[in-house]
Structure formats: structure tokens, C-alpha cells
Amino acid sequence: MVDLNGIIENFLANPTTQAFMRTVALYMTGLYLATVFWAARDAASRIFDRRLVVLLTLLAAVPFIGMALYILIRPSRTLAETREAELASHALDAELARTPRCPSCDAPAELDWRYCAHCSAVLTHSCPSCSKTVRSGWTACPFCATELGVRGWRLEPELTTVPRTA
Ligand SMILES: [Zn+2]
Ligand SMILES: [Zn+2]
């Protein structure tokens, strides 16, 4: 008859076994503390509200399931990334605001285009006096001060459109 209990007791009482189990326990504890610490740092980088950071860290500290739940519900962007995205969006808005637009269809138009690429509205002419490019809607040539409006070139709000060539 094999004394199974005796074997297990001997095994557990063995100093090598105990040392091994202590090492494993220490390792697991260290790993656990490290993940909780990581969650706290990660939450702080993603959430402005400190109370929420503490709450989520406590959630992440729940063994096994906590970390998975934390990863699921944490904000996808860090605060720095959110700020960066906001800045990029503002920069894009500013860029769009600076881009000249066709007064007829509001499509982006380059300053030196003669016609709108989208609706064929006349965008620029040559000044009859100095031949420099002047934009539709200008009342005077900014280069030689010739009045443009008197020549019937004030095209806004009705813009002259040239027929599209098929
Ligand atoms: Zn247009
Ligand atoms: Zn001029």
C-alpha cells in the first residue's frame, strides 16, 4: 500500500520544494504588483480625473479578471494623443480657412486660377491697365489702383460662368 499522503507531506516538507514554491510566490506577487503599477501609470496617462484613475487602478488590481476589464474599458487615446489630435484638427481647420475658395461653389481654388476647376466660374482677370492678375469681385486693381468695378467686373454675387468644354 502506497502512502500517498506521506509522499505529499515529504515533498512539501522538502526544503528545496519550499524554496521553489517561495520563489514562485514571490515571482507571482512581483508580477501582480508590476501590472497594477503599470495600470495606474497607464490610467493616469489616459484620464484627467484622478478619482477615476484610482477607481480604474483598483479595478485592474482585482486578480485575473481585473486587468482584462481595465484594458477593455480604458480610453483608447492617451491625454497626449487626444491633445495632439485636437491640435492637428485645429491646424487643418486653420489651413482650410486660409485656402482660397471659389466664391460661386466654395470649392478650394488656387489664387492664380483663371477659372474654378469645379464650376467654371471666372476667378481672375487681367487688369486692363497693368495686365496683372486681379480676382473676380475686386473693385480696384491692387497693383495700379485702376477701378475695376466701373468696367462691370464686379461679378459677385452673380458670377460669369464660361461654358464647360465637353
Ligand atoms: Zn466654383
Ligand atoms: Zn492694374
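Just so it is clear, none of the values below were taken in a lab; they were calculated from the coordinates. Because the structure is a prediction, the values reported are computed rather than measured. When we count neighbours, we look across all protein chains shown, and the Cβ atoms used for this are built from the backbone with ideal geometry, even at glycine.
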With Cα coordinates, the longest principal axis of the chain makes an angle with the long axis of helix 50-60, in degrees rounded to 10, of 50 degrees
Measure nothing but the geometry: give the 0 to 90° angle between the long axis through the Cα atoms of 15-46 and the longest principal axis through the Cα atoms of the chain, rounded to 10°.
-> 20 degrees
Would you work out the relative contact order for the chain, in percent, from Cα pairs under 8 angstrom that are 6 or more residues apart?
-> 10 percent
Checked region 4-79 with the C-alpha gyration tensor, a ≥ b ≥ c its square-rooted eigenvalues, rounded below a/c of 1.5, otherwise prolate if a/b is larger than b/c and oblate if not; verdict prolate
Using a Gaussian network model of the chain with C-alpha springs under 10 Å, which one of Val62, Val24, Val122 is most mobile by mean-square fluctuation?
-> Val24
Measure nothing fancy, just the Cα-based angle from helix 79-98's long axis to the longest principal axis of the chain, in degrees from 0 to 90, nearest 10.
-> 10 degrees
Charge-dipole axis of the chain as Lys and Arg at +1 and Asp and Glu at -1 on Cβ define it, positive-most pick from Leu96, Cys144, Ile8 | Cys144
So what's the chain giving for Rg/Rh, alpha carbon basis, Kirkwood Rh from the mean inverse pair distance?
-> 1.57
Given +1 on the Cβ of Lys and Arg, -1 on the Cβ of Asp and Glu, and no further charges, what dipole in debye does the chain carry about its Cα centre, rounded to the nearest 20?
-> 380 debye
Per-residue ellipticity at 222 nm attributable to helices in the chain (runs of n ≥ 4 DSSP H, -39500 (n - 2.57) apiece, nearest 500 deg cm²/dmol) works out to -16500 deg cm²/dmol
